[in-house]
Amino acid sequence: MLFHIAAAAVLTNIAFLEIYTIYNLPEITDTQFLSDENPLHRVFVYGTLKRGEPNHSLIQDAANGYAKFLGLGKTSTPYPLIIATQYNIPFLLKKPGFGHHVFGEIYDVDTKMLKKLDELEEHPTFYERSQEDVHWATEGKAKSTDNFDEVSTLIKVWIYFLPKFRASLLESPMYSSYSNEGSHGLKYCEKYVRDPSYNHRNDVQ
């Protein structure tokens, strides 16, 4: 009997999450009020968390929480997207108006998943997560035209930025879209194979 009640509760929660996504309910914007009772938070990912990239398994793993792919996104403001440190980590520098409009993917995630993303990005001590406007479109619409802006809608999402960085990083090559398999040849080194004594912060801040 208890199993049937638990199963019904899980199905009810999933149904609510789907309804939330369809009707685009408002986002909780103040992190101090984030709790497991607040269902979804919209996140823009531009680097190793995208599909086909080295850290996407974190989003795919249901043990980390709920995540649903909503479509493609492009920042409404240009930012510098660079690859830096000896481990070839992609960084989005908090320097609005500099660089390119950056393409990425948009997900709805629950609070549990958001906390996992915060841990990966070392928010708020290294990266900082802030809400910004991005252009969003479903993947089908985006592929139907060369003009993303024509089919997109402006929405607010969480984005992870590097807020403090060396000025010399602005002399690095900048990208509008990241791929670990890109022509840059700079393959990302995952955390589990890095030198534990190495501090990546020293290379960028």
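Miscellaneous remarks
- Accessible area in the full protein assembly, largest first, 1.4 Å probe, for H184, H200: H184, H200
- Surrounding net charge for K94, when Lys and Arg each add one and Asp and Glu each subtract one, Cβ distance under 9 Å: +1
- Size of region 54-103 as Cα extents on the principal axes (Å, biggest first): 37, 30, 13
- Accessible area per residue was computed with a 1.4 Å probe on protein heavy atoms; W136 scores about 70 Å².
- Distance between the 7 Å Cα→Cβ label points at H56 and E128: 3.1 nm.
- Accessible-area ranking of R129, R51, largest first, probe 1.4 Å: R51, R129
- Once the mean of 1/r is taken over each pair of separate Cα atoms and inverted, region 34-157 shows a Kirkwood hydrodynamic radius of 15.2 Å.
- For E171, E181, the ranking by accessible surface with the largest value first comes to E171, E181, using a 1.4 Å probe.
- Surrounding net charge for E119, when Lys and Arg each add one and Asp and Glu each subtract one, Cβ distance under 12 Å: +2
- Taking Cβ atoms as reference points and 10 Å as the exclusive limit, the residues near E105 contribute a net charge of 0, counting Lys and Arg as +1 and Asp and Glu as -1.
- Euclidean distance of C-alpha centroids, region 34-93 and region 175-205, integer Å: 15 Å
- Each 5 Å bin from 0 upward holds the following percent of the Cα-Cα pairs of region 102-205: 2, 9, 13, 19, 22, 17, 11, 5, 2, 0.
- Taking each of K95/K143; K68/K112; K74/K164; K95/K164; K74/K143; K50/K74 in turn, the alpha-carbon distance tops 18 angstrom for K95/K143; K74/K164.
The values are calculated or read from the model by the stated rules, or taken from the named source; none is laboratory data. Keep in mind that what you see is a predicted model, and the values were worked out from it rather than measured. Cβ atoms come from the backbone with ideal geometry, glycine included; neighbour counts cover every protein chain shown. Note: areas computed on protein heavy atoms with side chains; ligands, DNA, RNA excluded. Shrake-Rupley method; radii C 1.70, N 1.55, O 1.52, S 1.80 Å.
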